[in-house]
Amino acid sequence: MFDNPVIVGLLVIAGLGIIGALVYIGLREDRGRDPLQERLAQYGEREIPDSLEDIELSLSFRDRILVPTLRRIADLTARFTPQKQLEQTRRLLELAGMTTDPTMFFAMRVVLTLGFVLGSIMLFFVLSPQPFMNALGYTVAAAGLGYILPVMSVRSRIRRRQDSVIKALPDALDLLVICVEAGLGFDAALGKVYEKWDNELAISFGRVLREIQLGKLRREALRDMALRLDVPDVNAFVAAIVQADQLGVSMAKILRVQSDQMRTKRRQRAQEKAHQAPVKMMIPMVLLIFPSIWIVLLGPAVIQVMSVSGNGAF
């Protein structure tokens with residue numbers, strides 16, 4: 001089986017994909033939990049270790065080997081990475097809702113790139129030798145793919161997060177209107193949304209409340225939330241709330257207007273997607289459905305014409 005270069009190539013590519021996915025998923029630190037508290041809880045349930053070696057051996061392979069190695073690579077890459085690029089990466093990670101450090105993210109990109117390069121060298125230079133220029137082009141393409149895959153994953157996560165916020169915003173505004181008209185303050189209404197739901201918008205509202213409790217002004221906390229989400233509907237909502245707070249306008253009326261506008265926008269987006277559906281359906285219909293119909297309808301006629309006229313006519 002391993003004499004066939006095609007099978008070997010497919011196995012190597014599949015292995016690289018699995019390794020890249022494991023590196024990206026296993027080494028990211030966006031786990032939503034505190035590792036220090038986990039370690040303290042574990043040591044609270046066991047006896048005091050005898051030596052530092054016992055403490056080190058009690059750690060997982062990830063915490064003992066992978067994370068320190070990745071941190072060293074991150075420190076090395078941070079020295080040669082422009083500060084502007086680090087800030088852009090930090091902005092992308094913030095929009096994606098990830099708490100991974102930008103230097104660690106760059107280290108993961110470097111590790112994934114090296115993995116793809118080594119796999120391409122093994123595949124195209126050793127296991128299934130190709131002409132030098134072709135093999136070099138494949139290796140360069142694999143390196144570029146390994147370097148941009150993490151960024152593509154982050155951008156995909158940003159789109160999913162923003163879509164989730166857009167879908168949840170009209171319902172959240174309805175709940176805010178109900179709470180404010182029932183007599184609650186705006187901050188308490190945000191707290192109700194945070195308590196009732198578990199999505200990206202509710203988590204953002206919860207962070208706004210924590211920042212307000214720590215002393216940040218409400219308008220500054222809301223503007224920071226709008227920057228973290230980067231959704232036009234949220235920006236309009238925050239601008240209306242800040243303006244109402246500064247001018248002393250009734251918060252219930254502003255929320256009612258915003259709720260109606262968001263409902264209208266959601267209906268318009270649904271109508272837009274409905275109008276785009278026929279155009280998007282044309283490609284699979286032309287490429288997949290129509291050829292099958294032509295074969296079914298015209299196939300018997302072609303066979304009959306060939307049998308009557310003879311093969312010489314064709």
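The values are calculated or read from the model by the stated rules, or taken from the named source; none is laboratory data. Fair warning: this is a prediction, and the values are worked out from it, not measured in the lab. Positions of Cβ are generated from backbone atoms using ideal geometry, with glycine treated the same way; all protein chains shown enter the neighbour counts.
Tell me whether segment 272-293 contains one or more residues that are surrounded by 10 or more Cβ atoms within 10 Å (Cβ to Cβ), of a type in the set (A, V, I, L, M), assigned by TED's automatic domain parsing to the domain that holds A189 and under 27 Å from the mean Cα position of the chain (by Cα). No: segment 272-293 contains no residue that is surrounded by 10 or more Cβ atoms within 10 Å (Cβ to Cβ), of a type in the set (A, V, I, L, M), assigned by TED's automatic domain parsing to the domain that holds A189 and under 27 Å from the mean Cα position of the chain (by Cα).
Selection of segment 159-188 for residues being touching a Ser or Thr at 6+ places or on another chain (Cβ under 8 Å) and of a type in the set (D, E, K, R) yields only D174.
Scanning segment 261-271 for residues that are of a type outside the set (S, T, N, Q) and surrounded by 14 or more Cβ atoms within 10 Å (Cβ to Cβ) yields M262, R263, K265, R266. Of the candidates T77, T100, the single residue that is touching a Lys or Arg at 6+ places or on another chain (Cβ under 6 Å), surrounded by 13 or more Cβ atoms within 10 Å (Cβ to Cβ), within 21 Å of L149 (Cβ to Cβ) and at pLDDT below 80 is T100. Scanning segment 99-130 for residues that are touching a residue at least 40 places away in the same chain (Cβ under 8 Å) and among the hydroxyl-bearing types (S, T, Y) yields T99, T100, S128. Contact map, segment 145-173: residues that are over 20 Å from D101 (Cβ atoms) paired with residues that are outside any helix (DSSP H, G or I) and among the polar types (S, T, N, Q), Cβ distance under 9 Å, separation 6+ or inter-chain. Pairs shown: S164/N199; V165/N199; K167/N199; A168/N199; A172/N199. Yes or no: segment 116-128 includes at least one residue that is surrounded by fewer than 14 Cβ atoms within 10 Å (Cβ to Cβ), polar (S, T, N, Q) and outside the structural domain of L201 (by TED's automatic domain parsing). No, the conditions are met nowhere in segment 116-128. Quick check on this structure: which one of D245, D260, D233 is within 30 Å of L217 (Cβ to Cβ), under 28 Å from the mean Cα position of the chain (by Cα) and of a type in the set (D, E)? One residue alone meets the criteria, D233.
Of all residues in segment 144-156, none are polar (S, T, N, Q) and farther than 29 Å from L229 by Cα. Is it the case that some residue within segment 302-309 is free of Cβ contacts under 8 Å to residues at least 40 places away in the same chain, touching a helix residue (DSSP H, G or I) at 6+ places or on another chain (Cβ under 9 Å) and assigned to a helix (DSSP H, G or I)? Scanning segment 302-309, I find at least one residue that is free of Cβ contacts under 8 Å to residues at least 40 places away in the same chain, touching a helix residue (DSSP H, G or I) at 6+ places or on another chain (Cβ under 9 Å) and assigned to a helix (DSSP H, G or I), so the answer is yes.
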